[in-house]
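Working notes for the structure below.
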Amino acid sequence: MLSSYERAMLEALYDSNRIPLWIFDSERNLINCFVSGFSADHKELLASYVGSLLGYVKRPQLDIMCYGQELYYVFALERQHKTFYLFGGPMLLSGFYHVMEMRTLSFAEKLSAKDLESIVDHLPVVSLAFFRASLRILMLLLNGQVSDVDEISSFPFSTLQVDGTFFHELSENLQDLQLHTPYRHELAVLDCVKEGNVKKLEFIYRTLPQIKYGNMSNYHSPMKQLFYGSIANTTLITRYAIEGGLEEEAAFTLSDVYIKQMEKCRTLYELNRLNEKMAVDFTERVAKLQTLKKPEYPNVIARCIDFISKNIHRKITLEMLAREIHLTPKYISSLFRAETGQTITSFIAQQKIETAQNLLVYSKDSFTEISNSLSYYSQSHFISVFKRNVGMTPKEYRRRYSKG
């Protein structure tokens, strides 16, 4: 259906922007796709879901579809006297760091937390300008003609919800919102530094739009604005690294080194890259210290702890854990207590409480949502367990420690 030249160009385009591309015939059969990194099951699931969106398309020649922070585009291709449809998406307008946030995505229904996180990890986060440019390139490549920027910017998009709006309204609203990087994104970076979580930090920098430090009215130069924002960022990261265990003298010395390097930067690109390098450097140092402090558990116990951590939103039972580790419940229970000094049940309860504390501080999720996401029997059960372990109710805890 596509020429070898067109396939090569689409592969190159996908490699450069990572926006999944799907081509369907008029019967919604998948003809071709350009995606990578997904498991076969996840690829099949996304293909089926994107194909189902054809039912929402109002203008087959060109349509733009939006659902919350999700974007898709679709346009018709005429090949060999037949009509085909090229879908681009899903792509995201912001990063997602908690499963509860990911649950707002239109394709999230019935997916496990693990599957959902895996899929979101491979989806691109785009700006509206990048979205428009990618769409125009594809239209020019495959149809030989392209809509101008103003036409796409004011295009009335189809919505997966009942109420429609206009793309240019969305664009204007998001541009206003993105004068500052959302506070939860800044907290996500700082938490990674404090926890020594290098992998998560690199994921955030890979998926987040460029960090913005607001419109500092005294500094009209973008370079000066980024420079002073970078100094403030370095100061915050230094403090969080100290909280994570880095010695104060070493942290402040490292901070001075990076600030001096920032003074020598001459381009926005240099300064942005140095900002990321600085954050990763601090995080790696914290991670190294925390690794030295952590007890080294036998492989079986380490696997148990890893499974509990990855499935904390589920109702984890001893039998479930035993099946995962391929040992008897009695043996795992005995070994876990001997190595950690606590029962599996109490460890799971503790991890759920710590997760709830983070959600109360860093999210706006209701108590019911938090209770459901952590598989408590009911909201009243969650409140009772939380108060017994923390010494205050979730409401009191949020009021005292909330950061946003």
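Entry remark, the range 358-377: residues being over 16 Å from Ile316 (Cα atoms) and not in a helix (DSSP H, G or I) number 4 in total.
Apart from one condition, Ser371 fits all of (1) free of Cβ contacts under 8 Å to residues at least 24 places away in the same chain; (2) surrounded by fewer than 17 Cβ atoms within 10 Å (Cβ to Cβ); the exception is (2). Looking only at the range 39-55, decide whether some residue is of a type outside the set (A, V, I, L, M, F, W, C), in contact with a Ser or Thr (Cβ under 7 Å, 6 or more places away or on another chain), modelled with pLDDT under 85 and under 24 Å from Val125 (Cβ atoms). So far as the range 39-55 goes, no, none of its residues is of a type outside the set (A, V, I, L, M, F, W, C), in contact with a Ser or Thr (Cβ under 7 Å, 6 or more places away or on another chain), modelled with pLDDT under 85 and under 24 Å from Val125 (Cβ atoms). Which one is farthest from Asp191 (Cα to Cα) among residues in the range 237-250 that are at pLDDT 85 or above, part of a helix (DSSP H, G or I) and among the aliphatic types (A, V, I, L, M)? In this case the residue turns out to be Ile242. Just one of the numbered conditions (1) more than 24 Å from the chain's Cα centre (by Cα); (2) more than 23 Å from Gly229 (Cα to Cα) is not true of Thr253: (2). The residue of the range 359-368 that is modelled with the lowest pLDDT, among those that are surrounded by 13 or more Cβ atoms within 10 Å (Cβ to Cβ) and either in the same structural domain as Ala188 (by TED's automatic domain parsing) or not small (Gly, Ala, Ser) (or both), is Tyr362.
Let's see how each residue does on (1) of a type in the set (Ser, Thr, Tyr); (2) in contact with a strand residue (DSSP E or B) (Cβ under 9 Å, 6 or more places away or on another chain); (3) in the same structural domain as Asn143 (by TED's automatic domain parsing):
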position	(1), (2), (3)
Glu27	no, no, yes
Ser52	yes, no, yes
Gly55	no, no, yes
Thr83	yes, yes, yes
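Taken over the range 334-353, the criterion of being farther than 19 Å from Val385 by Cα and touching a helix residue (DSSP H, G or I) at 6+ places or on another chain (Cβ under 6 Å) is satisfied by Phe336, Glu339. Checked against the criterion of being closer than 30 Å to Lys364 by Cα, in a strand (DSSP E or B) and aliphatic (A, V, I, L, M), the candidates Leu46, Leu86, Leu105, Leu71 yield just one match: Leu71. Applying a threshold of 8 Å to beta carbon distances and a minimum spacing of six or more residues, or different chains, the list of pairs starting in the range 18-38 at a residue that is at positive phi and ending at one that is small (Gly, Ala, Ser) reads Arg28/Gly51; Arg28/Ser52. Within the range 249-269, no residue that is in the same structural domain as Thr238 (by TED's automatic domain parsing) and under 16 Å from Val193 (Cα atoms) sits with its Cβ atom under 7 Å from a residue that is of a type in the set (Val, Ile, Thr) and modelled with pLDDT under 85 at 6+ positions apart or across chains. Under 15 Å from Cys304 (Cβ atoms) and either among the acidic types (Asp, Glu) or assigned by TED's automatic domain parsing to the domain that holds Tyr397 (or both): is that true of Thr343 in this structure? Spelling it out, Thr343 is indeed under 15 Å from Cys304 (Cβ atoms) and either among the acidic types (Asp, Glu) or assigned by TED's automatic domain parsing to the domain that holds Tyr397 (or both). The residue list Val120, Val57, Val74, Val126 contains one member that is free of Cβ contacts under 8 Å to residues at least 24 places away in the same chain and buried (at least 16 other Cβ atoms within 10 Å of the Cβ), which is Val74. Between Leu86, Leu71, Leu170, which is within 25 Å of the chain's Cα centre (by Cα) and modelled with pLDDT of 65 or more? Of Leu86, Leu71, Leu170, the one residue that is within 25 Å of the chain's Cα centre (by Cα) and modelled with pLDDT of 65 or more is Leu71. Among residues of the range 327-352 that are of a type in the set (A, V, I, L, M) and crowded, with 17+ Cβ neighbours inside 10 Å, those with a beta-carbon under 9 Å from a residue that is modelled with pLDDT of 90 or more and not in a helix (DSSP H, G or I) at least six positions away or on a different chain give the pairs Ile344/Ile316; Ile348/Ile316.
For Cys66, the criteria (1) more than 19 Å from Ser26 (Cβ to Cβ); (2) loosely packed, with under 15 Cβ neighbours inside 10 Å; (3) more than 13 Å from the chain's Cα centre (by Cα) hold in every case but one, which is (2). Just one of the numbered conditions (1) modelled with pLDDT under 85; (2) touching a strand residue (DSSP E or B) at 6+ places or on another chain (Cβ under 9 Å) is not true of Met102: (2).
The values are calculated or read from the model by the stated rules, or taken from the named source; none is laboratory data. Every value quoted in this text rests on a predicted model; they were computed, and no experiment measured them. Methodologically, a virtual Cβ is constructed for each residue, glycine included, from the backbone with ideal geometry; neighbour enumeration extends over all protein chains shown.
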